[in-house]
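Comments concern the structure below.
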Amino acid sequence: EDIKFEDIEYTFIGNYMESVRITDPDIRFGILQIGVGSSKKEVMLAYGLKETLSNEEENEYAVQNGIYSTSFYFDENDRVYKIACGTGV
C-alpha cells in the first residue's frame, strides 16, 4: 500500500514499511546535506566511495548499506529530483 504525506511517499507491505520516496527539497542527508536539488557531483562526492548497484536507468545512482539501499534519480540537468530508500535488493 502506498501512502503519500506532503512530499514523501511511503510503501508498506502488510504492517511494515518497505520503502520511502522523497521529493521534498528540505529533507537532507549526512554531513554534506545531500537531497533533492543536489548535483550529481555532490552525490558522487558524498557516496562515490561505495560500490554502485546495477541500474536499469541511466539517471539512477544506487548504493547499498547492509540490507538498505538508497537510489538517487537525476533530471536532465544532473540534479536530484527524487531519492528512494528501502530494504532489500
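The values are calculated or read from the model by the stated rules, or taken from the named source; none is laboratory data. Bear in mind the structure is a predicted one, so any value in this text is a computation, not a measurement.
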Residues that are more than 16 Å from Arg21 (Cα to Cα) and at pLDDT 85 or above, drawn from the range 51-78: Glu76, Asn77, Asp78
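Would you mind stating whether Glu1 is of a type outside the set (A, V, I, L, M, F, W, C) and under 15 Å from the mean Cα position of the chain (by Cα)? Working first, answer last.
Numbers: of a type outside the set (A, V, I, L, M, F, W, C): yes; under 15 Å from the mean Cα position of the chain (by Cα): no.
No, not satisfied.
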Top-ranked residue in the range 1-47 [being at pLDDT below 85 and not in a strand (DSSP E or B); ranked as nearest to Ala62 (Cα to Cα)]: Tyr47
